[in-house]
Amino acid sequence: MVREPAELEEASFTWPLLGALYGSLVIVAIVALFNSHFGRELDHKVEAPARTLVAGPAIASAAVVFVACVIALIVPAYRRGALRVAEIAAWVIPAWLVMGAMVLGAISFALSHAH
């Protein structure tokens, strides 16, 4: 018996589990990184809530990924829509972190050359 792709998609728990793992690992990694010496040093150099400006949206997106994947696991009727939301939010995380790093790098460069 050949299974249809829709049947395989509904029977698979791999993607929602991987998405939930990704979301939770991103939250843990960002909190650990910005609570380290590197993250605290950013606040002293930039003199603004730099950690919050960078980490806040990334953690919020990771929470959306986690919640959407848990919903996809619990409620099979909403699996496809929840995984689409999780996919979009999962792509927002690295994009936001790259933009934040570029902005912080530009601010750091400008402050070091202003004196």
Pick from segment 87-103, criterion surrounded by 17 or more Cβ atoms within 10 Å (Cβ to Cβ) and under 18 Å from Arg40 (Cα atoms), ranking: modelled with the lowest pLDDT
Gly100
Filter segment 71-109 for residues that are β-branched (Val, Ile, Thr) and in contact with a helix residue (DSSP H, G or I) (Cβ under 6 Å, 6 or more places away or on another chain); the one that is farthest from Pro49 (Cα to Cα) is Ile71
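Keeping to segment 34-86, report how many residues are in contact with a Ser or Thr (Cβ under 8 Å, 6 or more places away or on another chain), of a type in the set (Lys, Arg) and either open to solvent by less than 80 Å² (accessible area, probe 1.4 Å) or not in a helix (DSSP H, G or I) (or both). Working first, answer last.
At the first step, the residues of segment 34-86 found to be in contact with a Ser or Thr (Cβ under 8 Å, 6 or more places away or on another chain) are 45-46, 62, 66.
Checking which are of a type in the set (Lys, Arg) leaves us with 45.
After this cut, where a residue has to be either open to solvent by less than 80 Å² (accessible area, probe 1.4 Å) or not in a helix (DSSP H, G or I) (or both) as well, the list is none.
Number of matching residues: 0.
The values are calculated or read from the model by the stated rules, or taken from the named source; none is laboratory data. For clarity, every value in this text was computed on a predicted model and none was experimentally measured. Because the Cβ atoms are built from the backbone with ideal geometry, glycine has one as well, and the counts that use them run over all protein chains shown. In case anyone asks, the SASA skips ligands and DNA or RNA and just uses the protein heavy atoms, side chains included. Shrake-Rupley method; radii C 1.70, N 1.55, O 1.52, S 1.80 Å.
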